[in-house]
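Inspection log for the structure reproduced underneath, given as structure tokens.
Computed from the coordinates by the stated procedures, all read-outs in this text should not be read as laboratory data. Here the structure is a predicted model, which means the values were calculated and not measured. A quick note on method: Cβ atoms are made from the backbone with ideal geometry, for glycine too, and the neighbour counts reach across all protein chains shown.
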Amino acid sequence: MVICNRCKKDPAETETNEALKAQPWGIVIAPPAGSGLPERRYCFRCTIQLFDELCAMTLPLPPEPPPK
């Protein structure tokens, strides 16, 4: 059993979609060998949330109101 690093759930057990049960991982981040960093896995739901947050960070900020 491997769990998602974000939602801490096993996507193969909690997913109702049979196709996603066969390939439950949206992103698997594997660091270079020998780096000592852990592998990170994200289910498709968390992958979409991470992508949405990344896109939201690239939106321009609203202009500041002029001083009075």
The stretch 24-47 residues that are within 27 Å of THR14 (Cα to Cα), paired with ones that are surrounded by 10 or more Cβ atoms within 10 Å (Cβ to Cβ) and among the hydroxyl-bearing types (Ser, Thr, Tyr) (beta carbon under 6 Å, 6 or more apart): GLY26/TYR42; GLY26/THR47; ILE27/TYR42; ILE27/THR47
Would you mind telling me which numbered condition in (1) under 13 Å from VAL2 (Cβ atoms); (2) loosely packed, with under 13 Cβ neighbours inside 10 Å THR16 fails? (1)
